[in-house]
Amino acid sequence: MNTVIGSHDVLLVTLDTLRYDVAAELAAAGETPTLVRHLPGGRWERRHTPGSFTYAAHTAMLAGFLPTPAEPGPHPRLFAGAFPGSETTAPGTWTFDAADVPSGLAAAGYHTACIGGVGFFNERTPLGSALPALFAESHWEPEFGVTAPDALPNQIGRAAEVVARLPAERRLFMLVNVASLHQPNWFYLDGASSAAGDTRASHAAALRHVDAHIGRLFALMRRPCLVIVCSDHGTAYGEDGHTGHRIGHEVVWTVPYGEFVLS
């Protein structure tokens with residue numbers, strides 16, 4: 001990462017609430033060709049999230065604690081704030097003297113931008129403003145949120161505007177929080193209705209929708225660009241009687257992760 005930072009743009013895409021099992025199944029079945037084309041080996045890496053809901057997970061990730069490989073570690077981190085005694089800071093880790101990644105990258109000359117999706121990015125309340133405030137510029141509107149079927153295409157349009165006005169010599173760190181997988185997602189499943197509610201099948205349909213559009217986001221990014229695409233947490237659809245997240249269930253704690261360079 002010490003050779004990447006300063007020479008590459010960095011794009012962090014959080015597919016909010018995406019379950020690992022659903023992501024892996026669709027990848028294996030060839031139903032998410034855009035993501036598979038970019039993922040190393042065409043497969044998601046199985047990792048554990050640092051938090052069981054959006055705010056906790058993003059606060060950790062934006063401090064440098066990305067989802068951890070599910071196998072026994074230690075696992076060196078890509079980014080790390082200066083912290084005496086850190087066992088996951090290795091020679092290849094890019095370290096920064098700040099409390100969060102956006103501030104560290106800003107100090108290294110990056111422009112930082114956030115395009116929010118779920119309510120923790122809506123800037124309508126102090127809590128909804130905490131994560132966006134870490135960035136030099138942030139964007140959210142209802143058309144980016146969980147109830148908008150075209151949220152991701154709308155977010156990509158805004159991302160294109162951010163990239164287009166950036167000076168060529170200025171590096172970019174951009175977070176895109178994709179709300180499409182989060183409930184409600186029933187409207188992505190053909191023939192479904194709000195009365196039927198969200199299901200694991202509609203969650204999968206939402207991922208197919210994301211895959212159909214996310215190639216536009218990758219295409220508009222300047223080269224070279226390090227891309228990290230992952231879920232912040234999963235969610236339950238009745239497993240062991242559970243629905244939703246912010247719980248300690250396997251389907252919540254296990255998330256898909258991928259990183260690659262657009263060049």
Notebook entry, point to check: Since ARG246 meets every condition but one in (1) outside any loop (DSSP other than H, G, I, E, B); (2) open to solvent by 50 Å² or more (accessible area, probe 1.4 Å); (3) more than 26 Å from PRO33 (Cβ to Cβ), which condition does it not meet?
Noted result: (1)
Margin query: Please verify whether ALA206 is small (Gly, Ala, Ser), out of contact with any Ser or Thr (no Cβ under 6 Å at 6 or more places or on another chain), assigned to a helix (DSSP H, G or I) and under 17 Å from THR32 (Cα atoms), treating the condition exactly as stated.
Written below: no
Next item on the list: Look through LEU217, LEU226 and report the one residue that is at negative phi and outside any strand (DSSP E or B).
Entry: LEU217
Margin query: I'd like to know if region 163-179 contains one or more residues that are at pLDDT 95 or above, assigned to a loop (DSSP other than H, G, I, E, B) and within 18 Å of GLY117 (Cα to Cα).
Written below: yes
Item checked: Selection within region 1-32 - touching a residue at least 60 places away in the same chain (Cβ under 8 Å) and assigned to a loop (DSSP other than H, G, I, E, B) -> MET1, ASN2, VAL4, GLY6, SER7, ASP16, THR17, LEU18, ARG19, GLU31, THR32
Item checked: Filtered residues of region 249-263 (kept if open to solvent by less than 40 Å² (accessible area, probe 1.4 Å) and not β-branched (Val, Ile, Thr)) -> HIS249, PRO256, TYR257, GLY258, PHE260, LEU262
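So, restricting to strands (runs of 3 or more DSSP E) that lie completely within region 49-121, which ones have at least 3 residues that are surrounded by 20 or more Cβ atoms within 10 Å (Cβ to Cβ)? Don't jump to the end; show me each part of the working.
Values: elements: 79-81, 94-96, 111-115.
It comes to 111-115.
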Margin query: Only one of ARG37, ARG47, ARG43 is free of Cβ contacts under 8 Å to residues at least 12 places away in the same chain and under 19 Å from the mean Cα position of the chain (by Cα). Can you tell me which?
Written below: ARG37
Check: Given the conditions (1) polar (S, T, N, Q); (2) open to solvent by 50 Å² or more (accessible area, probe 1.4 Å); (3) in contact (Cβ under 8 Å) with a residue 12 or more places away in the chain, which single one is not true for THR125?
Finding: (3)
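For (1) open to solvent by less than 40 Å² (accessible area, probe 1.4 Å); (2) closer than 17 Å to TYR20 by Cβ; (3) out of contact with any helix residue (DSSP H, G or I) (no Cβ under 9 Å at 6 or more places or on another chain); (4) touching a residue at least 60 places away in the same chain (Cβ under 8 Å), each residue gets a yes or a no:
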| position | (1), (2), (3), (4) |
| --- | --- |
| GLN183 | no, no, no, yes |
| LEU189 | no, no, no, no |
| SER194 | no, no, no, no |
| ARG200 | no, yes, no, yes |
| PHE218 | yes, no, no, yes |
| MET221 | yes, no, no, yes |
| LEU226 | yes, no, yes, yes |
| HIS233 | yes, yes, no, yes |
| ALA236 | yes, yes, no, no |
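Tell me which residues, restricted to region 142-158, are aliphatic (A, V, I, L, M) and either under 21 Å from SER7 (Cβ atoms) or not in a helix (DSSP H, G or I) (or both). Steps first, answer last, please.
The initial filter retains those residues of region 142-158 that are aliphatic (A, V, I, L, M), namely 146, 148, 151-152, 156.
Selection gives VAL146, ALA148.
The values are calculated or read from the model by the stated rules, or taken from the named source; none is laboratory data. Remember, it's a predicted structure, so these values are computed and weren't measured experimentally. Positions of Cβ are backbone-derived with ideal geometry, glycine not excepted, and every protein chain shown enters the neighbour counts. The accessibility values were calculated without ligands, DNA or RNA, using every heavy atom of the protein model including side chains. Shrake-Rupley method; radii C 1.70, N 1.55, O 1.52, S 1.80 Å.
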